[in-house]
Amino acid sequence: MTARHLLSQESQDAYQLTCASPPPKRKFKGANPDQLTPFQKKLMVAGEVWRKFIAPSTLAFALVLPVLIYKGQYITKFLFDTWYVPIMGIVGCTIPSGGAPVAGGVVFLPILTMKHIDAHEAVAFAASTQMIGVGIFAPMGWMSRDPSVLMGSFLKPMFPFAFAGLLFSYLVTPLNKSDEVLLAFTIFVMCLAVYITKGLVHNHLDVSHSEDHSSEKTTNGAMQTSQGNQNGQEEKKENDIESADVPTETTGLLLDKSKTAEDTNVPKRASRMERRNIKFTPKQYIIYVICCFLGGMLCGWIGIGVEKVTFFLLTYFHDVDVIAAGLSSITMTGWLSFFAFLLHALCTPEDEGIGPHFSCAVRNESNPFGHVFGKVPYELWLSVIPGILIGSLVGPAVNAAVGPR
């Protein structure tokens, strides 16, 4: 075999090796400080302070406070009655803190109802827990790694509409019966199960190569095209020099491969930071407003729901990566839960909770005094705080270990 044949074969092998090699898999390490705004850099510093000093101090205080309150009854009453709650909190906060659009209420409500706790009270517990867990702890757990996951361009314009839906569901169209709450929760979970099953069957939920590697894939595609063109040019030069002796099928193969690489070169995808800067068209804005309002109503009825709606909108319409879409969505749920907590703490009937029992809702036959049903179970809430704090610290670490998939 002549030298020119060997050179041609080496060029072909190099091209095939380049095309066959997949992009290297990288785990998410955090945001590039050069791409952050001055405000986001301040949030990153605050996140470091939170992770190193404030979070451990808060955990120690949350563990000591029940001992000081219950004293001699700490073991016989507090731990005996609430031993399962911290575990429930760890699970319920690790999932959303890892980037999944699943607030803790999806865990809390079924477990508490199985413990014979009223459904309205379970919703109140979910609200009081989520306002801290996914409203404060989970976002702060990510600030030291990537503060850009909180998309102000989405939260600022859409939160008021979700808040309006929450107030409407609590004050105008409440679910006054526990069976209605459980029915609404069951229907929601069934729809969620169908969505997840469909995504798994059609491989729509596999996002392991859809975020951080997007720009990397585009670069590799360009490199493959360039190398294919280079190989084709080298082969063409050989053909010009000794065209009579070089087999036509080898040259044709290289030219076809080079053409294929050019034909498959897709337009460059926007960077992750660009996709996190949400810009609405008029049509998208209307869709977001309606869906956020309905999601806020659902959050008022069963304690959760708006985070799944907004996650779908962000990933479908704006191609936002799952981490930012998930964290921004659950943060909205946490902020809504704060106001839901206030309604449950201030507006419950006189025979529920410690008061002050304001009349907040619209009065009708089923609710003649205009109260919000479901007292806040403060004993359970006090027990769950250490668990959700631990979960908020574990979630980002789990995400870093296994990736967004």
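The values are calculated or read from the model by the stated rules, or taken from the named source; none is laboratory data. Every value quoted in this text rests on a predicted model; they were computed, and no experiment measured them. For neighbour counting, all protein chains shown are included, and Cβ atoms are generated from backbone atoms with ideal geometry for every residue, glycine included. When the accessible area is computed, the model is the full protein with side chains, heavy atoms only, and any ligands, DNA or RNA have been set aside. Shrake-Rupley method; radii C 1.70, N 1.55, O 1.52, S 1.80 Å.
There is at least one residue in the range 66-89 that is within 18 Å of Gly334 (Cβ to Cβ) and either part of a helix (DSSP H, G or I) or in contact with a Lys or Arg (Cβ under 6 Å, 6 or more places away or on another chain) (or both). The residue pairs whose first member lies in the range 31-52 and is under 16 Å from Gly141 (Cβ atoms) and open to solvent by 70 Å² or more (accessible area, probe 1.4 Å), whose second member is in a helix (DSSP H, G or I) and among the small types (Gly, Ala, Ser), and whose beta carbons are closer than 9 Å, counting only pairs six or more residues apart or on different chains, are Arg51/Gly141. Of all residues in the range 377-397, those satisfying the criterion of being β-branched (Val, Ile, Thr) and either surrounded by 23 or more Cβ atoms within 10 Å (Cβ to Cβ) or modelled with pLDDT under 85 (or both) are Val384, Ile385, Ile388. Within the range 61-94, the set of residues being open to solvent by less than 60 Å² (accessible area, probe 1.4 Å) and among the small types (Gly, Ala, Ser) comprises Ala62, Gly89, Gly92.
Selection within the range 283-319: residues that are of a type in the set (Phe, Trp, Tyr), within 13 Å of Gly165 (Cα to Cα) and open to solvent by 20 Å² or more (accessible area, probe 1.4 Å). The member of this set that is nearest to the chain's Cα centre (by Cα) is Phe293. Only one entry of His344, His357 meets the criterion of being more than 25 Å from the chain's Cα centre (by Cα) and crowded, with 23+ Cβ neighbours inside 10 Å, and that entry is His344. Quickly run through the range 97-149 and pick out the residues that are at pLDDT below 90, farther than 25 Å from Ile278 by Cβ and in a loop (DSSP other than H, G, I, E, B). Of everything in the range 97-149, just one residue is at pLDDT below 90, farther than 25 Å from Ile278 by Cβ and in a loop (DSSP other than H, G, I, E, B), namely Gly104.
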